[in-house]
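Heads up, the thing below is written out as structure tokens.
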Amino acid sequence: MHKMYPFSEVLYKDDDTPGWNFAFIGGDEKYVEKKCKELWKTYKIFSGNKFIVPIGIEYPVNPDPEETHLVSDWVYSGELNKWFLPEETIPAPVKKCTHSNIFKLDAELDDLNDISWLKDIYLENIEIFNRDVVKVTFQVTVKADNQQTTIHLQYSQYEYDLFKGFIEKVKANKFSYARIEEYSYIKILSWPAGNDCRVIFQDYSYHDYVREPISTVIDKNLFVEVFEKFLDQIDSQYRKLDKAVREASKEK
């Protein structure tokens with residue numbers, strides 16, 4: 001077995017502007033704390049990591065987007081080239097972008113939604129993880145004029161609450177952020193812009209940098225209307241499957 005070397009991920013600030021830079025520092029927690037105090041006034045240490053070779057002090061670095069998305073809720077701003085904590089408000093982008101007159105969210109249930117298969121996964125989740133939740137899978141296509149992306153969405157009550165909270169903030173003219181279940185690798189960001197929304201769909205499924213397949217301005221009413229109809233549609237389909245899976249699970 002390889003010896004494993006401890007290291008920490010560190011978010012730090014060089015100044016008081018919004019956002020965080022990223023660093024790797026090898027060593028135990030005491031050593032990392034000492035080095036951070038020497039280098040920066042403001043920092044947050046995330047320890048408990050190990051690697052097969054020693055890591056020195058590396059900063060600033062761009063972490064692997066896929067790995068970062070899987071283990072954290074941190075959000076990346078491509079315009080600022082900085083990371084943000086989920087409770088922080090990311091400044092609205094100032095770079096010009098297109099105004100989309102068309103916005104669509106189309107969802108289809110995929111082939112993994114066979115009742116017997118969903119029942120087996122449901123019972124397994126209860127037995128192993130003590131999680132009483134039925135999850136179904138949708139393939140969601142998002143279009144904003146000529147921009148497009150696809151989301152492999154595992155859906156349950158959690159996702160309903162997530163999307164509902166997201167759209168309520170949009171309606172209230174607030175910055176809004178949604179991190180979809182980790183293996184979808186998608187984050188949705190929205191900022192108020194008068195009667196419009198400045199919207200970005202981010203894709204964290206790569207190892208080099210965060211893609212933004214959709215980055216546009218959309219009429220707020222259109223965005224809200226399409227998003228709410230989409231949510232009503234998939235939730236209605238989900239409730240039927242949820243009921244069927246739970247009934248099938250009671251059968252001997």
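Quote the FRET efficiency, to the nearest 0.05, computed for Phe175 versus Glu108 with a Förster distance R0 of 22 Å and r equal to the Cβ-Cβ distance.
Values: r = 31 Å, r/R0 = 1.39.
Given R0 = 22 Å and the Cβ-Cβ separation, E is 0.10.
Can you list the lysines whose alpha carbon is less than 30 Å from that of Lys96, not counting same-chain residues fewer than 8 positions off?
Lys13, Lys82, Lys104, Lys143, Lys164, Lys169, Lys171, Lys174, Lys187, Lys220, Lys229
Counting other Cβ atoms within 10 Å, keep those with at most 11, restrict to DSSP loop, and tell me which trypsin sites (Lys or Arg not before Pro) in the stretch 67-132 are left. Write down the numbers at each step before the final one.
Numbers: sites: Lys82, Lys95, Lys96, Lys104, Lys119, Arg131; in loops: Lys95, Lys96, Arg131.
Answer by residue number: Lys95, Lys96.
Measuring from label point to label point, each 7 Å out along Cα→Cβ, what is the Lys37 to Thr98 span in nm?
It is 5.4 nm.
Show me, for the stretch 157-172, the HN-Hα J-couplings you get by feeding each phi into the Karplus relation (A = 6.51, B = -1.76, C = 1.60, θ = phi - 60°), rounded to Hz, glycine and proline as x.
4, 4, 5, 4, 4, 4, 5, 5, x, 4, 6, 5, 5, 4, 5, 8
Can you compute the FRET efficiency between Glu225 and Met4 using 1/(1 + (r/R0)^6), with r the Cβ-Cβ distance and R0 = 41 Å? Round to the nearest 0.05.
Details: r = 52 Å, r/R0 = 1.26.
It comes to 0.20.
When the accessible area of the chain is split by element with a 1.4 Å probe, what percent falls to carbon and sulfur? If you can, show how the numbers build up before the last one.
On the way: 7080 of 14170 Å².
The computed percentage sits at 50.
Just to confirm, what accessible area per residue do you get for the chain at 1.4 Å probe, in whole Å²? Show your work: numbers first, answer last.
On the way: 14170 Å² over 252 residues.
Heavy-atom accessible area per residue stands at 56 Å².
So how far apart, in nm, are the two label points at Ser156 and Trp117 if each is 7 Å from Cα heading toward Cβ?
The answer from the label model is 1.8 nm.
At what distance in nm do the modelled label points of Tyr206 and Asn81 sit from each other, each positioned 7 Å from its Cα along Cα→Cβ?
1.6 nm
Would you mind listing how long the stretch 91-215 runs along its three principal axes, going by Cα atoms, in whole Å with the largest first?
Principal-axis extents of the stretch 91-215 (Cα, largest first): 50, 29, 28 Å.
Using DSSP loop states and a limit of at most 16 other Cβ atoms within 10 Å to flag chymotrypsin sites (Phe, Trp or Tyr not before Pro), what is the longest stretch of the chain containing no flagged site? List each step's numbers first, then the result.
Details: sites that count: Trp40, Phe175, Tyr206, Tyr209.
The answer is 41-174.
Give me the number: length gained by fully extending Glu168 to Lys240, i.e. 0.36 nm times residue separation minus the C-alpha to C-alpha distance, one decimal in nm.
Details: separation 72, 0.36 × 72 = 25.92 nm, distance 2.50 nm.
Answer, rounded to one decimal: 23.4 nm.
Viscosity 1.306 mPa s, temperature 10 °C: give me the Stokes-Einstein translational D for the stretch 30-144 in µm²/s, with Rh taken as the Kirkwood radius over C-alpha pairs.
Details: Rh = 19.6 Å.
The Stokes-Einstein estimate is 81 µm²/s.
The values are calculated or read from the model by the stated rules, or taken from the named source; none is laboratory data. What you see is a predicted model, and the numbers here were worked out from it, not measured in a lab. Every residue, glycine among them, receives a Cβ derived from its backbone with ideal geometry; neighbour counts consider all protein chains shown. The area values use the complete protein model at the heavy-atom level, side chains included, leaving out ligands, DNA and RNA. Shrake-Rupley method; radii C 1.70, N 1.55, O 1.52, S 1.80 Å.
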